[in-house]
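What follows is a set of notes on a single structure, which appears directly below.
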């Protein structure tokens with residue numbers, strides 16, 4: 001059963017990442033603003049990194065019944081939000097725009113990925129599998145935090161623009 005569950009989660013993870021990449025690429029193609037386009041292209045590139053790692057593990061598990069040892073650099077994750085989040089990008093997205101709707105959808109996708117990876121990291125018996133999913137949780141949580149930051153900025157902008165603040 002454990003082998004079947006590992007394969008099932010790997011397949012689900014690859015599908016989640018591919019859907020994410022496709023979604024981010026589509027939004028990047030649709031938006032007209034360069035800063036916003038750059039952000040969504042960055043997110044698509046991030047998903048591609050995850051796909052590559054997951055597919056490698058899938059092949060190894062299918063061939064050997066075990067996950068390959070991975071050196072997942074958690075330092076690579078920290079600070080990525082400063083590379084893509086900037087005031088220009090936040091300013092260009094309005095709260096009712098296509099891009100804002102995409103941010104909302106992306107938040108849901110990233111939350112789902114975090115949940116799937118957290119659950120598997122808790123239940124995996126293979127230390128390499130556990131390590132992989134713990135690393136992916138960190139990555140997806142950093143993506144989620146970026147998206148939540150943008151969403152928060154959009155909400156605040158609407159409140160200020162419409163004078164909703166009570167003071």
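Readers should treat all values here as calculations from the given coordinates under stated rules, not as data from a laboratory. Keep in mind it's a predicted model, so treat the numbers as computed, not measured. Note: ideal-geometry Cβ built from the backbone for every residue, glycine included; neighbour counts use all protein chains shown.
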Here the gain from full extension of residue 118 to residue 4, 0.36 nm per residue of separation minus their alpha-carbon distance, amounts to 39.2 nm
The extension gain from residue 68 to residue 22, computed as 0.36 nm times the residue separation minus the Cα-Cα distance, is 13.9 nm
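FRET efficiency for residue 156 and residue 32, Cβ-Cβ distance as r, R0 = 22 Å, nearest 0.05? Let's see the in-between values first.
On the way: r = 23 Å, r/R0 = 1.06.
Using R0 = 22 Å, I get an efficiency of 0.40.
By average Cβ neighbour count within 10 Å, what is the ranking of 60-67, 11-18 from highest down? Walk me through the numbers before you get to the answer.
On the way: 60-67: 13.9, 11-18: 17.8.
Descending packing order for the listed peptides: 11-18, 60-67.
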Output for segment 3-42 (equivalent-ellipsoid semi-axes, sqrt of 5λ from the C-alpha gyration tensor, Å, descending) is 31, 7, 4
